[in-house]
Amino acid sequence: MRAHQWTLDLLSVLALGVAAAAGILVFDLTWTPIRLALSLPLVLLLPGYAFVSALFPERADDGFSLLERLVLSVGLSLAIVSVAAYVANFTPYGIRLAPVAIAVVGWTVVFAVIGLVRRARYPPQERYRIRWTAGDSTLPALFSVQQHGINTQRGPFEPENERQLLLNVFLVFSVLVLIVGGAYLAVAAPSLPDTEPHTEYYLLAENGDGELVANALPTELSTGSAEPIYVGIENHEGETQTYTTVVLQQQVTLTDDGSEIESVNGEEELDRFETTVQNGETERVGYELSPTASGDVHVWFLLYQGDVPEDPSPENAYRATRLTVSVS
């Protein structure tokens, strides 16, 4: 058996996977026909086919026939893509095109290579290769009940009765729905944002190693002293934004356990500044924190898009974060 006869399918899977990764991640293709041609096989076929090939490297006579492999590959591909998206949701990257595509392409490449290695370990005559055999059903045979003799081998999806025929109709309909749904997502994806528009807003300070972390923020200050902190703004709004930060000081009286506010004794605006952030970028603005009140103080950092109201407060801010300090 020539090498291309048992390697061509998996080499094609590798080529399509790499092409999809390059087109989607490197060249950022948005032209619908090209994106559709690259993403549809990646979602509906390639990862599942690579996985099935790694599990069953033997020829069709001893394992799965071509039709069985294709049907199983579609179902497995959808499951693999779903799991990749689910896992990505628990990473810092979230459910976005890049991490999901990298995971799916990586899975496809790894198992395609494993499939090639496992096939190579079989004798040439036992290696799986794509070919239509007498046991492979054709589409017309899926929708008609055929009478066979006792010793006649029936195809894997060839119906024996009307119940199995209805199951075949449902199977084909489901596959068509999946293909149409995958095509719609591939077409719509260029025009849809990876996530809902939002802005992330937080405070950081340097720790002993010079890293910016949230758990190094000051909790105690001296009157008249200044403590450097950083205001973090991450723009995921889909376009460049100019934000206004208002620093608001509240002198408060806390309960004995410090968990609740008994009263607000005074309020003063300490500062305000603008920050322009490109879409998808992060700005960390250095700020010298220097409350003018004493005792327990809440320092609010209020973020606004556009005009700031006459009376800025945590209730009317687009984003708000608070730092509680004890000023002596």
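Throughout, read-outs are computed from the coordinates displayed, never taken from laboratory work. For clarity, every value in this text was computed on a predicted model and none was experimentally measured. Glycine gets a Cβ as well: all are built from the backbone with ideal geometry, and neighbour counts include every protein chain shown.
Structure notes:
- Point-to-point label distance, Glu196-Arg322, nm (Cα→Cβ direction, 7 Å offset): 2.3 nm
- Interchain or long-range residues, amide H under 5 Å from Ile95's placed H: none
- Shape call, region 242-290: gyration tensor on alpha carbons, a/c limit 1.5: prolate
- Cα gyration tensor category, rounded, prolate or oblate, for region 198-327 with a/c compared to 1.5: oblate
- Paramagnetic label reach from Glu315 (point 7 Å along Cα→Cβ; backbone nitrogen cut-off under 13 Å): within region 232-263, no residues.
- Full extension of the chain between Asn207 and Ile102 yields a length gain of 34.4 nm, computed as 0.36 nm times the residue separation minus the alpha carbon distance.
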